[in-house]
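Undergrad: Handing you this structure, nothing more for now.
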Amino acid sequence: MSDEESEKQENTYVIRPNFQHKFRPAAVKECIHIVLNEELTGKEYDGEQTAELCKHLSNEIKKKLKELSYDRYKFVVQVVIGEQKGEGVKMACRCFWDADTDNYTQDIFMNDSLFCVAAAFGVFYY
């Protein structure tokens, strides 16, 4: 029997991410903040373009999150854009997840014409 055969092989399944690879809300919030500032600075609210802009922002945020190399995490990004008219807006979400591995963060962008709320959810894929 060779040395390689005598070594015990370990299981390859992972049920929890390493501490270094856990979803970090602060780092993700920074990515969201960068994307929102780059894309929305100087923009005016246009109701006809809002849906397309939300899709574009969601895709850009997802690209940035994938660059962070969170192995085995699935990302859900939600972006809401509205016209700034001095009215209040309340948003809520509910999730059924593993509190040890899954998390979320959000960031808000506002100017004189529009507001934007972007939320990113990181769910560990078992």
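The values are calculated or read from the model by the stated rules, or taken from the named source; none is laboratory data. Values in this document were obtained by computation on a predicted structure and should not be read as measured data. Note: ideal-geometry Cβ built from the backbone for every residue, glycine included; neighbour counts use all protein chains shown. Protein only, heavy atoms only, side chains kept; ligands, DNA and RNA dropped before computing areas. Shrake-Rupley method; radii C 1.70, N 1.55, O 1.52, S 1.80 Å.
Undergrad: Quick one: what pairs do we get from region 52-63, first residue within 12 Å of Ala119 (Cα to Cα), second open to solvent by 70 Å² or more (accessible area, probe 1.4 Å) and not hydrophobic (A, V, I, L, M, F, W, C), C-beta under 8 Å, 6+ apart or different chains?
TA: Ser58/Gln78
Undergrad: Could you list, in sequence order, the residues of region 53-84 that are β-branched (Val, Ile, Thr) and over 14 Å from the mean Cα position of the chain (by Cα)?
TA: Ile81
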